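Take a look at the structure set out below.
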Amino acid sequence: MNSDSVAMTDLNGGKNKPETVCIFGTGDFGRSLGLRLLQSGYSVVYGSRDPKNSLLLPTGSKVMSHAAAACEAHVIVVAVQREHYGFLRSLALDLERKVLVDVSNNLKRGLYPESNAEYLSRLVPGATVVKAFNTISAWALQSGGLDANRQVLICGDRADAKQQVTDIAQSLGFTALDRGSLRAAAELEDLPLQLFPLWRLPLKIAICLTAFIFFYTLTRLVIYERVTTGKDIAFRIMISLANKAFPIVSLVMLSLCYLPGALAGFLQLYNGTKYRRFPDWLDRWMLCRKQLGLVALAFGFLHAIYTLVIPIRYYVRYRYNAYVISLIKDNKTYEFDNTAAWRFDSYFSMGILGFGLFVLLGITSLPSVSNSLNWREFRFVQSKLGYVTLLLCTAHTFLYGWDRFLNPQSYKWLMPPAYMLSLVVPCVVLILKLILITPCVDRKVTRIRQGWERQAKTSANGSDSKIDQRLMA
């Protein structure tokens, strides 16, 4: 029955009887779904082991035994856990030719040899089982239109049964997506068990980089000072060391967003075709580029916030006051250095511009913003402006270091300053990109991405000859 027929007036001015949906289960999900159905014009009846216990059920619904409730509706939502499916065997005759909507999930993957929906279909062979609503939470149902953009994934073996469930989902304000036959139920049941699948690699990289840079700077600054001079400057761990680790991690992870694209371009040049699959590690890397960028932006925010508090730090104010007092005692004047003024102004300018474009990249990665852009606009922002952002942030780091790499005292225990380590990956990415955008290379990469292929054919005498195909339309 189409959702448009729910509570619509007929030609005689009366109202058609609302479509009835039965729900087995009075838990959080069953109650939330029932309330949403009632708000959408459906009639709801609950099947319960204890029909007298109806205090928590939404007003306007009815509650009765499972057998009686099954006779009231054609579509029955089974909102109970798989462990409690046993009672359905005794209802096999009542569920004949009914549509059973399985909304259950498991606690972990591989808990059972078959999906819950397939098990339910085997348990009640006379009914048609449709898997749906398992990726929607009770909170999403209660939030009404605020979550109307959420998708309801549906799978089943009969098109008419799936259409009925699709009509119900659309009546509730959700978007229904058909995922095929009931064999896809196992995949659908695994979706709610995934915990940030595309965020795992970026978070691992961020944690490892942060730990390495932090202990590297801890060794160069705090431990080195304690061993060589006996001074205790461990207080610098809280602000100084953190503000050295955060920008380095941010810059490196921003570089890692664009490194796989450059590697992919060189692989296509090497293979002479775009129709050969990339290695699995490169595929996984490219899929999590958005997450890499957002984590990098988070570290960039931390760097900006930590930088703002530097002038009010006790240590900084102490050193400034001590320096001013020493100038007064020695009757000296603080000379203006024009080169230093240019350096610091350029350093801050590059940092501000880079951070501004970095924020723009983060904003355009939001679905609500990216959906309003066409592909060319999105590519311009994320690719061209992305490389400009990387260039500005790299220049910001170069200006920060200035000529300290020439100072032997900067290499404590032969360890180079941490900012030098942060420049390795960005410089590699920028050099690779510079090679790719040179006219001769860019022309060939463009032809490959438009369908041109370089093929090697073996002649009859065993020699290889390379034949260049014409540019495909």
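Just so it is clear, none of the values below were taken in a lab; they were calculated from the coordinates. Since we're looking at a predicted model, the values are computed, not measured. Here the Cβ is made from the backbone with ideal geometry for all residues, glycine too, and neighbour counts use every protein chain on show.
Just want the ordering: W413, W452, W402, from fewest to most Cβ atoms lying within 10 Å of their own Cβ. Walk me through the numbers before you get to the answer.
Working: W413 10, W452 17, W402 14.
Placing the least packed residue first, the sequence is W413, W402, W452.
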Could you work out [θ]222 nm for the chain from helices alone, using -39500 (n - 2.57) per DSSP H run of at least four and dividing by all its residues? Round to the nearest 500 deg cm²/dmol. -15000 deg cm²/dmol
Under 5 Å between amide H atoms, partner at least 5 residues away or on a different chain: which partners does R179 have, H built in plane at 1.01 Å? I154, C155
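Say a site is exposed when it is one of the GluC sites (Glu not before Pro), sits in a DSSP loop, and has at most 15 other Cβ atoms within 10 Å; what is then the longest site-free stretch of the chain?
On the way: sites that count: E96, E114, E335.
Result for the longest clean stretch: 115-334.
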How much of the DSSP bridge set in the chain is antiparallel, in percent, rounded to the nearest 5? 25
How far, in degrees from 0 to 90, does helix 338-364 lean away from the longest principal axis of the Cα atoms of the chain, to the nearest 10? 10
How many percent of DSSP beta bridges within region 3-193 run antiparallel, rounded to 5? 10
Residues whose built amide H sits under 5 Å from the amide H of V101, excluding neighbours closer than 5 in sequence, are I76, V77, V78, V130
Within 10 Å of each residue's Cβ, count the other Cβ atoms and sort C155, C288 from fewest upward. C288, C155
Please turn the phi angles of region 313-323 into ³J(HN,Hα) values with the Karplus equation 6.51 cos²θ - 1.76 cosθ + 1.60 (θ = phi - 60°), one per residue in order, whole Hz, x for glycine and proline. 5, 4, 4, 5, 5, 5, 5, 5, 5, 5, 5
Convert each backbone phi in region 395-406 into a coupling constant with the Karplus relation 6.51 cos²θ - 1.76 cosθ + 1.60 (shift: θ = phi - 60°), then list the ³J(HN,Hα) values in order as whole Hz, x for Gly and Pro. 4, 4, 6, 4, 5, 5, x, 6, 10, 5, 5, 8
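Explain nothing, just the number: relative contact order of region 3-193, from Cα pairs under 8 Å at least 6 residues apart, as a whole percent.
Details: 374 pairs, mean separation 34.7, N = 191.
Dividing the mean separation by the residue count of region 3-193 yields 18 percent.
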Anisotropy class of region 200-437 from Cα gyration tensor, a/c 1.5 cut: prolate
Tilt relative to the chain, helix 159-171 - C-alpha long axis, 0 to 90 degrees, to 10: 70
When R343, R276 are arranged by how many other beta-carbons sit within 10 Å of their Cβ, fewest first, they go R276, R343
Does region 3-193 come out rounded, prolate or oblate, given a ≥ b ≥ c as the square roots of the eigenvalues of its C-alpha gyration tensor, rounded meaning a/c under 1.5 and, failing that, prolate meaning a/b above b/c? rounded
Could you work out how far helix 289-308 tilts from the main Cα principal axis of the chain, as a 0 to 90 degree angle to the nearest 10? 50
Which whole-angstrom value gives the distance between the alpha carbon centres of region 421-454 and region 161-190? 43
Whole-Hz ³J(HN,Hα) from phi, Karplus 6.51 cos²θ - 1.76 cosθ + 1.60, for region 38-48, glycine and proline x: 4, 5, 8, x, 8, 9, 10, 10, 9, x, 9
